[in-house]
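Worksheet: one structure, shown below.
The values are calculated or read from the model by the stated rules, or taken from the named source; none is laboratory data. Note that the structure is a prediction, hence the values are computed from the model and not measured. Note that each Cβ is placed from the backbone with ideal geometry, even for glycine, and that neighbours are counted across all protein chains shown.
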Amino acid sequence: MLKSFKTPLIPYVFVNYSSFFCLIIILFIDNANAQKYSESFKETTDSLISKAPQTYHDLDVILKPIQRDTSLMRYFANASTKENYPEGKSYALNQLGISYRDYALYGKAVKLHQMALEAAEVRNNTEFQIYSLTMLSTVYRQTEAIPSALDCAQKVIDLAQSLEQPNEDIKRNLNLSLSSIGHIYRTLGQYDLAIASFKKAIALEAKLDNFLGLAMNYMGIAECLEAQSKLEESLENYEKSKVFNEKVGSKRINIKSNLGIAHIYVHQGKNNEALQIFESILELSKDLGDMRIVSAIYINIGWAQMQNNQFEESQQNLNKGLEIAKKYNLLSEMEEVYSFLADLWEYKDDFKKSKEFFTEAALVEEIISNDRNKRYLADLISRSEAEKKNSEIEVLAKENEIINLKLRRNQNTLLIGTLLFALFTLMIYILYRQDQLKSDKKVLTLEQSMLRSQMNPHFLFNSLNSIKLYIINNEKKNAVHYLNKFSKLVRKILEASSIKEIPLAEELETVELYMTIENIRFSNEIQFKIIIDEDIDPHIVKIPSLILQPFLENALWHGLSSKDGDKSILLYIGKGKNGYIDISITDNGVGREVAEKLKESKVLKRKSVGINITKERLANFSKDYKNTFEMEIVDLYDKQEAACGTKVILHIPII
């Protein structure tokens, strides 16, 4: 390995093959740049360190021409460390971090910016702290580490607002943080909030005559408007971005603005115009070295070609985009290209491959957004099932036509009788098939209704709201803990929704996760306990999937939410009579009668659809077994005949 100096401040750590490739490029550049190192730069370094300027501007005026020279920046960082000049060290490390970020080496970039922040904190230099936090927020946002990005951006705003007279560089970083928050809102799908944040940044950038900042924020607004399907307004803002960028000549903004314009053209059906733009910026993006943009361009070229029914060319470019996305671990691009490949194979009527690629997209999207995964999965399954049913109907229709053709050729009584018998048999078969299809449709409807009741927007919104509150209150451990619980619960619900029966142990794990999430809103005051008889092995016993949560939800929101004092739910599993497993859910709530009165008095009444869906599911399950699934609800009273809770008992035949 070639090194510019004997004791480099930043060691090289190879994490994966993509990082190895980019680090080799950086090392090659370092080696070439090392040839340019001369006594003049050493004199410049010694002069700067001796004067020890305390502002970013004073350093940047001297070092800006060579700030992308990684070998010289590394030398300056080492020299500043040796001479105890934290501001110089912080400046150099941040410039190195930007260089690594441009090569999509985000892990290295984060470490460098964190070291730069620590150096700034040594001397409590607010300006360099703000700059380091701004750079960290940018990297975190690009890697979709939303909480960290938001936390760094908010710290920048707090530090900047604590200063009575911030200088121009601090104002620029404040504007960058507002822009970063806008991008975070855009990532979360809150486009109106994002646009508002971008507009605030634009107003401040205009006062500073910062054309680069104006170009970036107009591009952010354009991306939000495009996501809202306001294509004409989006195009206007992309054009504004290009106009301001002409004054500064940023290759990155030029490429991204043209990429956005071409993307809109595809939406508008102008595929050929879009392809011309994509191809014109492809080589420019390679020269830029940002592999995220290169991957996105290949993916969009494949998308546009797919719209033109150029399926082979589309597949080649999508695969190129996927290869780059995998190499650099670009999750959003991986999810997007998998989705396009799924569409491509669907156009080719290969539903097996289509489903395989969709599964890959769903796995990646689970990390980014479970919500979009659920919508797309439901849509794909629905289309697949509809195609299968239409195919079956077409087969039956063709068989019927063949029978009719044969019957017309024969006029004698025997053939007429055969015709009548065949028609009668066909009618019975069609009725049977219709009944079977109705039954299948009912089961599918119930499963979808069950999934909606498990993952209703009210529950998702409140759960994410609770986790957001932890983030706002800077309770990072609680936020991460409950976010992990929430993601695990969503994954288990989605997995269980496609399975008819699951082991009792898995169902219990799911309801424990559900109760943990719901208990956040009850300030963890609900005592939830599961008791299983010793002679029952929950890993062997199977029950219908997702059958217990509606009863727990009912106990929470109708039994315990209106109760003061001690609140508890007991889930007991024991052996019943005649080969049954009895599962009882007992709460010490206000009872059904009081709950119903409270419900009538409320303006907004919470609909309890989960119990009815569960009853219908149990009734459908009973058709396939000798013994039936039974359910009973028992009102509990104390010695004074006052309601003291409710017990729901499920009698489950051993499957």
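What are the residues in region 206-235 that are in contact (Cβ under 8 Å) with a residue 12 or more places away in the chain, under 20 Å from LYS251 (Cα atoms) and not small (Gly, Ala, Ser), if any?
Passing the criteria: ASN210, PHE211, LEU212, LEU214, MET216, ASN217, TYR218, MET219, ILE221, GLU223, LEU235.
Does at least one position in region 449-460 carry a residue that is modelled with pLDDT of 65 or more, aromatic (Phe, Trp, Tyr) and either touching a helix residue (DSSP H, G or I) at 6+ places or on another chain (Cβ under 9 Å) or under 30 Å from TYR482 (Cβ atoms) (or both)?
Within region 449-460 (the criterion being modelled with pLDDT of 65 or more, aromatic (Phe, Trp, Tyr) and either touching a helix residue (DSSP H, G or I) at 6+ places or on another chain (Cβ under 9 Å) or under 30 Å from TYR482 (Cβ atoms) (or both)), the answer is no, since none of the residues qualifies.
Scan region 224-257 for residues that are over 21 Å from ASN210 (Cα atoms) and in contact with a Ser or Thr (Cβ under 9 Å, 6 or more places away or on another chain) and report the count.
So the answer is 5.
Does any residue in region 48-64 that is under 14 Å from ALA77 (Cα atoms) come within less than 6 Å, Cβ to Cβ, of a residue that is acidic (Asp, Glu) and surrounded by 13 or more Cβ atoms within 10 Å (Cβ to Cβ) six or more places away or on a different chain, and which pairs are these?
Correct list of pairs: ILE49/GLU83.
Which condition number does LEU150 fail, the rest of (1) over 21 Å from TYR470 (Cα atoms); (2) surrounded by fewer than 24 Cβ atoms within 10 Å (Cβ to Cβ) being met?
All conditions are met except number (1).
Give SER229, SER162, SER177 a once-over and let me know the one that is closer than 22 Å to VAL139 by Cβ and of a type in the set (S, T, N, Q).
Every option except SER177 fails the conditions.
If ILE499 passes every condition in (1) at pLDDT below 80; (2) surrounded by 15 or more Cβ atoms within 10 Å (Cβ to Cβ) but one, which one does it miss?
(2)
Conditions (1) within 22 Å of SER234 (Cβ to Cβ); (2) out of contact with any Lys or Arg (no Cβ under 8 Å at 6 or more places or on another chain); (3) assigned to a helix (DSSP H, G or I); (4) of a type in the set (A, V, I, L, M, F, W, C), marked per residue:
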position	(1), (2), (3), (4)
LEU117	no, yes, yes, yes
GLU127	no, yes, yes, no
ILE130	no, yes, yes, yes
SER137	no, yes, yes, no
PRO147	no, no, yes, no
ALA160	no, no, yes, yes
GLY182	yes, yes, yes, no
LEU204	no, no, yes, yes
GLY220	yes, no, yes, no
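Output the residues belonging to region 548-588 that are in contact with an Asp or Glu (Cβ under 7 Å, 6 or more places away or on another chain), of a type in the set (Gly, Ala, Ser) and part of a loop (DSSP other than H, G, I, E, B).
Of everything in region 548-588, just one residue is in contact with an Asp or Glu (Cβ under 7 Å, 6 or more places away or on another chain), of a type in the set (Gly, Ala, Ser) and part of a loop (DSSP other than H, G, I, E, B), namely GLY576.
Here is a list of conditions, (1) within 30 Å of TYR470 (Cβ to Cβ); (2) crowded, with 24+ Cβ neighbours inside 10 Å; (3) without any contact (Cβ under 8 Å) to a residue 40 or more places away in the chain, and LYS155 meets all of them except one; can you say which number that is?
Only one criterion is unmet by LYS155, namely (2).
From ASN245, ASN258, ASN300, ASN254, which residue is under 22 Å from GLN142 (Cα atoms) and more than 29 Å from the chain's Cα centre (by Cα)?
Criteria check complete, one pass: ASN245.
Filter the helices (runs of 4 or more DSSP H) completely within region 1-112 down to those with at least 1 residues that are modelled with pLDDT under 85, surrounded by fewer than 15 Cβ atoms within 10 Å (Cβ to Cβ) and not aliphatic (A, V, I, L, M).
Correct list: 17-34, 39-51.
Which pairs do you get when a residue that is on the phi > 0 side of the Ramachandran plot, found in region 412-432, comes within reach of a residue that is surrounded by 10 or more Cβ atoms within 10 Å (Cβ to Cβ), reach meaning Cβ atoms under 7 angstrom, with the pair 6+ apart or on two chains?
Within 7 Å, no pair qualifies.
Between a first residue in region 519-536 that is in contact (Cβ under 8 Å) with a residue 24 or more places away in the chain and part of a strand (DSSP E or B) and a second residue that is among the basic types (Lys, Arg) and surrounded by 11 or more Cβ atoms within 10 Å (Cβ to Cβ), which pairs have beta carbons less than 8 Å apart while being 6 or more apart in sequence or on different chains?
ILE526/LYS567; GLN527/LYS567
If you take the residues in region 506-533 that are under 23 Å from the mean Cα position of the chain (by Cα) and polar (S, T, N, Q), which one is farthest from ASP566 (Cα to Cα)?
Only one residue tops the list, namely THR510.
Please list, ordered by first then second residue, the pairs with beta carbon atoms under 8 Å, 6 or more apart or interchain, first in region 344-363 and among the β-branched types (Val, Ile, Thr), second exposed (fewer than 13 other Cβ atoms within 10 Å of the Cβ).
From region 344-363, no pairs qualify.
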